Amino acid sequence: MRYFFIFFCWLCAVSALPAQVGGRESFSFLRLPADARTLGVGQVNVSLQDNDLNRYNANPALLRDTLQHWAGMNYMRWQASIDVFTFQYAPKLPKVGLVGFGLQVMNYGQMPLVLPNGIQQGTFKANDFSFNITKSFQQRYFRYGATLKWIGSSIAGYNAMGVGVDIGGLFQHPKQDLAIGITFKNIGFAFNNYTDARLRLPFDVLLGATFKPTYMPFRFSVTLQHLYRWDIVYLDPAQSSQLDSNGNPIPPEKTWGDKLLRHFVLGSEVLLSKKFHLLLGYNHLLAREMRFEDVGGLRGFSFGLRLQTSKWQFSFARGTFATRAGKNMLTLSSNLHKVFRKK
């Protein structure tokens, strides 16, 4: 079973990789953080682990046996009336072992249906979803896993579908509180598109490390994102304040340091106690892309908190994108076996 699963994921990945060159990105909701803890430490993290069911969305290798019977629900109000839900459950199946099932839904709500002549004719609905199945394996200090995704989108009766795979690995140091993770996200392809244009999934390669010093109540994380491409800088010429002799804006120049820092995401947990943690993160890519001239703010920063017991886990986080814009996310997880166990 193990080798068949690995071979199937490898086959999907190899057959889909050519679709990553060129084209436009589809199903971009897959880039959103799936849980509040991930949002709180910078929105991207592939190495932060413990007994947290929601973390394997970022890296399938983070699914482990201690998460058996855990279920989780996440909610985020994205923009306007757009809601994002994530549901997860990790049962242990006969002859298969622990498996993670997940569902991510982005509901855009009711929108007015306006004809080309400007006349409104009723309303329509739109939503995106991804149904996921995750399996991981342990081999001494290494863990590896994969997530298979069935992805769909619907707008006013028009549909698009896709298939994707996440492949991840994790190294846990045998003596120190150090973990190193790597994930290849959204390897796949879209089919049954809205148009004849060939779209691609939001592919990404992430590498990260999480370390807790022995005598400090802090857990630090460093994550590198978009490793498949060096230059991810986009500079808007319209934001340039310099003009040439003809009065046209001079596009700003890219610097080596800016190209490097946009790959970095920094996160930290303040371990006030075993049951209560504070979260803090900084994403330089978001900070730069959401900046405005002569306007301050906490762009790229995120923060939150986490409460946990043997039966329940609760997390809240807020990520700030612009001066007055941000999003809040709530996570509630429970060990169903302990909650509903008969005395």
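The values are calculated or read from the model by the stated rules, or taken from the named source; none is laboratory data. If you're wondering where the values come from, they're calculated on a predicted model, not measured in any experiment. As a convention, Cβ positions derive from the backbone with ideal geometry for all residues, glycine included, and neighbour counts pool all protein chains shown.
Please enumerate the residues belonging to region 24-48 that are more than 16 Å from V205 (Cβ to Cβ) and not in a loop (DSSP other than H, G, I, E, B).
Hits for region 24-48 are R24, S28, F29, A36, R37, T38, L39, G40.
Per-residue answers, yes or no, for (1) of a type in the set (D, E, K, R); (2) touching a helix residue (DSSP H, G or I) at 6+ places or on another chain (Cβ under 8 Å); (3) at pLDDT 90 or above; (4) at negative phi:
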position	(1), (2), (3), (4)
C12	no, no, no, yes
R24	yes, no, no, yes
T38	no, yes, yes, yes
S47	no, no, yes, yes
L63	no, yes, yes, yes
N74	no, yes, yes, yes
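Within the set of pairs 6+ apart or on separate chains, which have a first residue in region 125-154 that is closer than 12 Å to M106 by Cβ, a second that is modelled with pLDDT of 95 or more and of a type in the set (D, E), and C-beta atoms under 8 Å apart?
Here the result reads none, with nothing in region 125-154 linked to a residue that is modelled with pLDDT of 95 or more and of a type in the set (D, E).
Considering only residues of region 272-321 that are in a strand (DSSP E or B) and at pLDDT below 85, which is surrounded by the most Cβ atoms within 10 Å (Cβ to Cβ)?
T320
Do you know which residues across region 153-195 are charged (D, E, K, R) and over 16 Å from the mean Cα position of the chain (by Cα)?
Once the filter is applied, which keeps residues that are charged (D, E, K, R) and over 16 Å from the mean Cα position of the chain (by Cα), region 153-195 yields K175, D177.
Could you check M329 against (1) over 23 Å from the mean Cα position of the chain (by Cα); (2) at pLDDT 85 or above; (3) among the aliphatic types (A, V, I, L, M) and say which number it fails?
(1)
What do you reckon, is R229 at pLDDT 90 or above, of a type in the set (D, E, K, R) and assigned to a strand (DSSP E or B)?
When the stated conditions are applied, R229 does not pass them.
How many of the residues in region 85-108 are in a strand (DSSP E or B) and touching a Leu at 6+ places or on another chain (Cβ under 6 Å)?
Number satisfying all stated conditions: 4.
Of the residues A146, A179, which is assigned to a strand (DSSP E or B), within 26 Å of L224 (Cβ to Cβ) and touching a Cys at 6+ places or on another chain (Cβ under 8 Å)?
None of the other options fit; the residue is A146.
Of the residues V99, V114, V105, only one is modelled with pLDDT of 90 or more, among the aliphatic types (A, V, I, L, M) and more than 26 Å from T309 (Cβ to Cβ); which?
Step by step, each of V99, V114, V105 is checked, and only V105 is modelled with pLDDT of 90 or more, among the aliphatic types (A, V, I, L, M) and more than 26 Å from T309 (Cβ to Cβ).
Search region 90-114 for residues that are of a type in the set (S, T, Y) and pair each with any residue that is in a strand (DSSP E or B) when their beta-carbon atoms are under 9 Å apart and the residues are at least 6 apart or on different chains.
Final answer for the pair search is Y108/D83; Y108/K125; Y108/A126; Y108/N127; Y108/D128; Y108/I155.
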